[in-house]
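Below: the structure, in structure tokens.
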Amino acid sequence: MNLKSGLFQSGKNPDRIHYEDERATSLLTNMLIEHLPKLFYKPIVIICIGTDRSTGDCLGPLIGTSIKKELSHFHVYGTLKDPVHAVNLEETIQYIKEKHRNPFIIAIDACLGRFKSVGYMEVAKGSIKPGAGVNKELPEVGDMHITGIVNISGYMEFLVLQNTRLHLVMSMADIISIGIIEAEKAYLEKRITVRRNWMANQDTAIN
């Protein structure tokens, strides 16, 4: 869980989508594809941060559970069964660095923000700092991030998280999950095309 204030480490404005926008899924898919690395050999790792013990903070684990069984190439950490949270985040990051060579990491987390921002999903380059919403010091994570602003920040964030509407969180989780699944399909198709063109150029050069 993050606080919106000071959340984005890249210094760039994030792309924002409201969960009730009819184009939300396609917009999110396109944003993801735009931010994914152009070097197609880099492993893509998705860290879904949060816990199933809090309604407002279960966005990440809900997404992780949904996409883990659907993705064929992107690697997913953080599900309802095996969540990634304050206790094991550092350990998980270290494991990922050991298991995957120079990965591109997408961090996903719930977020608290201003009243008028609740219901928005944001996609941006750069890392997030989990734990800011509940006064915990955790390492920054992610080459890019996706956050869902689930409730209002400013006072007794822990209780705010506990009293967040599940409908909002699940709606966001559905949109983000489908967006990631579609983005992987498009990314893999593009990678195949690049490899096919490279091989064709190699054959031309040889002949």
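The values are calculated or read from the model by the stated rules, or taken from the named source; none is laboratory data. Just so it is clear, the model here is predicted, and its values are computed rather than measured. Quick reminder, even Gly has a Cβ in these numbers, built from the backbone with ideal geometry, and neighbours come from all protein chains shown. Calculation scope for accessible area: heavy atoms of the full protein, side chains included, ligands and nucleic acids excluded. Shrake-Rupley method; radii C 1.70, N 1.55, O 1.52, S 1.80 Å.
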Practice problem: In whole Hz, with x marking every Gly and Pro, tabulate ³J(HN,Hα) for the range 106-121 from phi via Karplus 6.51 cos²θ - 1.76 cosθ + 1.60, θ = phi - 60°. | Solution: 9, 9, 10, 7, 7, 8, 9, x, 6, 4, 6, 9, 4, x, 8, 9
Exercise. Enumerate the calculated ³J(HN,Hα) couplings along the range 169-174 in order (Karplus 6.51 cos²θ - 1.76 cosθ + 1.60, θ = phi - 60°), each rounded to whole Hz, writing x wherever the residue is Gly or Pro.
Key: 5, 5, 4, 4, 4, 5
Quiz item: Which distance in nm do the two modelled labels at Asn163 and Glu70 give, with both placed 7 Å along the Cα-to-Cβ direction?
Solution: 3.3 nm
Self-check item: Per-peptide average of other Cβ atoms within 10 Å, ordering 96-106, 111-121 highest first
Solution: 111-121, 96-106
Exercise. Taking H placed 1.01 Å from N in the peptide plane, check which residues at least 5 places from Ala107 or on another chain put their amide H under 5 Å from its amide H.
Key: Ile47, Asp143, Met144, His145, Ile146
Quiz item: In nanometres, what is the gap between the two model label sites at Glu140 and Lys42, each 7 Å from Cα along Cα-to-Cβ?
Solution: 1.6 nm
Quiz item: Just the accessible area per residue of the range 63-108, please: how many Å² with a 1.4 Å probe?
Solution: 59 Å²
Self-check item: Residue-wise HN-Hα coupling along the range 142-154, computed from phi with Karplus coefficients 6.51, -1.76, 1.60 (Hz; x: Gly, Pro)
Solution: x, 7, 8, 8, 10, 10, x, 7, 9, 6, 8, 8, x
Quiz prompt | Extension gain (nm, one decimal) between Arg101 and Ile192, 0.36 nm per residue minus Cα-Cα | solution = 30.7 nm
Practice problem: Evaluate the distance, in nm, between pseudo-label points positioned 7 Å from the Cα of Glu20 and of Ser117 along their respective Cα→Cβ axes. | Solution: 2.0 nm
